[in-house]
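What follows draws every value from the coordinates through simple rules; no lab data is involved. Computed from a predicted structure; not experimentally measured. Every residue, glycine among them, receives a Cβ derived from its backbone with ideal geometry; neighbour counts consider all protein chains shown.
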Amino acid sequence: MSHRLALRDLIDVVRPARPVASVYLGSSPLRSWRARWLRLADQLRSDGAGPELVDTIGEVVHRARSLHPTADTLVAFAGEELPPRVFHTPGLRHLDLAWFSSPAHVLPVLAWLQERPPRVAVTAGRCSADLVGGTERISLNYPEPQWPEGVRSAAAACAEMLDRQEARLLVVAGEDEVVGTLWEALPAPVRRDVVVRWTGRALTPNRIAAETRAAARSSVEGVLADFNERGRVRHLSVEGVEDTLNAIAAGRLDDLIVGYPEDVTATAWYGPAPTDVARGWSPSRRCGLLADVAVRAALLSGTRVHVITAGVPSAPFENIGGLCRARLALVRS
């Protein structure tokens, strides 16, 4: 079955320790999707995928393409320990790719997901309020003379929707006075934890998408600033492959920063446990792409992952690093 991607889906995808087929069927093809799939299937077989697995993932991709012929990039995963899954990723521009590797190759979709965090959009007025979050929509109507009470009801509904959507981003449109009333009526924990983007009085789908992307970029920029200004100064950051993997293995990493596009020549070793990672060879571990190994460990251990553009001046050494919950000296001990 194909459906919209969420972070919990990626956690399930990276969980298997055995190899997984990762397939990216790009958008705007110059050739038929069938011809492109045959080439991808050949790549999976050359990587060691068995015929049954190749046929299975081919069937789910074909079914998804048939049901949604105009969809953007389709991303599929399947393995011995992972039932086949297909995701629509509107806006993801990716070349056709097929790998049978361990762990699953999720960095491109993780970067795509990071740009589209869960959010609730609210248009608040003196007669009505409209709330949208994911596929959920709520419309409230109230008499204009009682608009403050109506807006407070909208604030309560907004807080509940934020919780259901697991969203920490609120995009709001409306008059200053109305928006101010809505904000003041939100519970204190919501006002503390939620990022608010005010758009004036107009709120269109394009404006919501633009504000969501802007909030996502601002969040990543904040993490990088924290990494450079606080982490390095107070020795609460690590960077480079060796120190980052050591911090993951020690369970000290709060935030993983990883560059994309990834270095496809860099590898690391990992075991079945979430933080069982190392730079060098081990008979009890499997070898995988460094970025995939680090992302798997982070997702399975509850560490936040931030995908940045590889090579930017503020990036950590070797395009991988992070912020720790203890000083570097303690991480290395």
*Relative contact order, percent, the range 120-203 [alpha-carbon distance under 8 Å, six or more residues apart]*: 32 percent
*Quick one: give the max-minus-min coordinate of the C-alpha atoms of the range 120-203 along each principal axis, largest first, in Å.*
33, 25, 21
_Value at 222 nm in deg cm²/dmol, rounded to 500, when DSSP H runs of n ≥ 4 in the chain each add -39,500 (n - 2.57)_ = -12000 deg cm²/dmol
*Give, rounded to the nearest 20 debye, the magnitude of the charge dipole that the chain has about its Cα centre when Lys and Arg contribute +1 at Cβ and Asp and Glu contribute -1 at Cβ.*
280 debye
*Filter the DSSP H helices in the chain by two things, a Kyte-Doolittle mean of at least -1.0 and an axial alpha-carbon span of 30 angstrom or more, and list the hits by number.*
205-226
*Gain upon complete extension [E80, E175; 0.36 nm per residue less C-alpha separation]*: 28.7 nm
*Highest GNM mean-square fluctuation, the chain, Cα pairs closer than 10 Å: which of G180, G125, G321?*
G180
*In nm, to one decimal, how far is the S284 label point from the R234 one, both placed 7 Å along Cα→Cβ?*
3.5 nm
_Charge context of E262, other residues only, Cβ under 15 angstrom, K/R +1, D/E -1_ = -2
*How far, in nm, would the chain grow between T135 and R31 when pulled straight, counting 0.36 nm per residue and subtracting the alpha carbon separation?*
34.1 nm
*Just check the range 46-182 against the gyration tensor rule for me: Cα atoms, a ≥ b ≥ c as the square roots of the eigenvalues, rounded for a/c under 1.5, and otherwise prolate or oblate depending on whether a/b exceeds b/c.*
prolate
*Looking at the range 1-98, which trypsin sites (Lys or Arg not before Pro) are DSSP coil and have at most 13 other C-beta atoms within 10 Å of their C-beta?*
R31, R93
*Could you list which residues have their amide H under 5 Å from that of A266, counting only those 5 or more apart in sequence or on another chain, with H placed in the peptide plane?*
L290
_Kirkwood hydrodynamic radius of the range 2-105, Cα pairs, Å_ = 13.5 Å
*For T265 and I11 in one chain, what is 0.36 nm times their gap in residues minus the Cα-Cα distance, to one decimal in nm?*
89.0 nm
_Using C-alpha positions alone, give me the convex hull volume of the chain per residue in cubic angstrom._
148 Å³
*Dividing the Cα radius of gyration by the Kirkwood radius, what Rg/Rh value follows for the range 122-166?*
0.99
_Test of understanding: ordering D243, D9, D292 by Cβ neighbours within 10 Å, fewest first, what list do you get?_
D9, D243, D292
*Projected label distance in nm at S66 and V220, using a 7 Å step from Cα toward the beta-carbon*: 3.7 nm
_Sorted by Cβ neighbour density within 10 Å, fewest at the top, the residues H306, H94_ = H94, H306
